[in-house]
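The values are calculated or read from the model by the stated rules, or taken from the named source; none is laboratory data. Remember, predicted model here, so these are calculated numbers, not experimental data. When we count neighbours, we look across all protein chains shown, and the Cβ atoms used for this are built from the backbone with ideal geometry, even at glycine. We work out accessible area using only protein heavy atoms, side chains counted, and drop any ligands, DNA or RNA first. Shrake-Rupley method; radii C 1.70, N 1.55, O 1.52, S 1.80 Å.
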Amino acid sequence: MPPQNATPVPRHDGKVLLVADQGLKSAERMTTAQVDRKVSDFWTGIGGAAFFEALTTRFYELVSEDELLSPLFAVPDWSRHAARLYDHFRRIYGENDLTAAWDPKMHQAHAHFLITRDQRLRWLALMKEAGTQLEAPEPHFTEFLTIMKIASGEMTAVSRGAALARQERFHWDGTPA
């Protein structure tokens, strides 16, 4: 039983995903202020808005040249895609607005096609390549990539759930059956 004057440690929502630190660690024992500070320190440490604008621009330049990923985009307006992803990252990290992580528009954008394992892995590889080319600061970029592994898994699940709803059949790796 905790001491009577002990301050209870708050339970957190999904912000635990935003505090990757040398891999993903739970933030359940952190206060809200500590979590918010960690997100703020991450935003500053990685380079803030300028970094994420450059990252998303470079990433979509790579996607536009990629034979596996570029066909997924019905409208190849790469600067528009980069601006949307930049805005998503800015809201999550710059404004500490976690609701952006579950924005229905983000899920809907991934529900129109079936994402394969190879496409997910390529997405992650191109994001890493874009950051490497920009000389992204460490350890922040490795933390970011850890978070992106989780987020890309979620978007893959969204795409597969929508495919099931359309009664599409597919193999374990997402390739059509």
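Odds and ends about this structure:
- Selection from segment 120-171 of residues that are farther than 20 Å from Leu62 by Cα, touching a helix residue (DSSP H, G or I) at 6+ places or on another chain (Cβ under 8 Å) and open to solvent by 60 Å² or more (accessible area, probe 1.4 Å): Ile150
- Unmet criterion (only one of (1) outside any helix (DSSP H, G or I); (2) closer than 22 Å to Phe73 by Cα) for Leu124: (1)
- Contact annotation: residue pairs with Cβ atoms under 9 Å, 6 or more positions apart or on different chains, pairing a residue in segment 98-114 that is farther than 24 Å from Leu68 by Cβ with a partner that is among the acidic types (Asp, Glu), are Leu98/Asp13; Ala100/Asp87; Ala101/Glu154.
- Count of residues meeting criterion [open to solvent by 60 Å² or more (accessible area, probe 1.4 Å) and over 17 Å from the mean Cα position of the chain (by Cα)] in segment 32-63: 8
- Close pairs from segment 123-142: first basic (Lys, Arg), partner part of a loop (DSSP other than H, G, I, E, B) and open to solvent by less than 80 Å² (accessible area, probe 1.4 Å), Cβ under 6 Å, at least 6 apart: none
- Breaking point among (1) assigned to a helix (DSSP H, G or I); (2) closer than 26 Å to Arg169 by Cβ, for Ala130: (2)
- Per this entry, Thr99 is counted among residues that are out of contact with any Leu (no Cβ under 6 Å at 6 or more places or on another chain), open to solvent by 80 Å² or more (accessible area, probe 1.4 Å), hydroxyl-bearing (Ser, Thr, Tyr) and within 25 Å of Arg37 (Cβ to Cβ).
- Checking each residue in segment 82-110 for being within 23 Å of Glu61 (Cα to Cα) and in a loop (DSSP other than H, G, I, E, B) picks out only His110.
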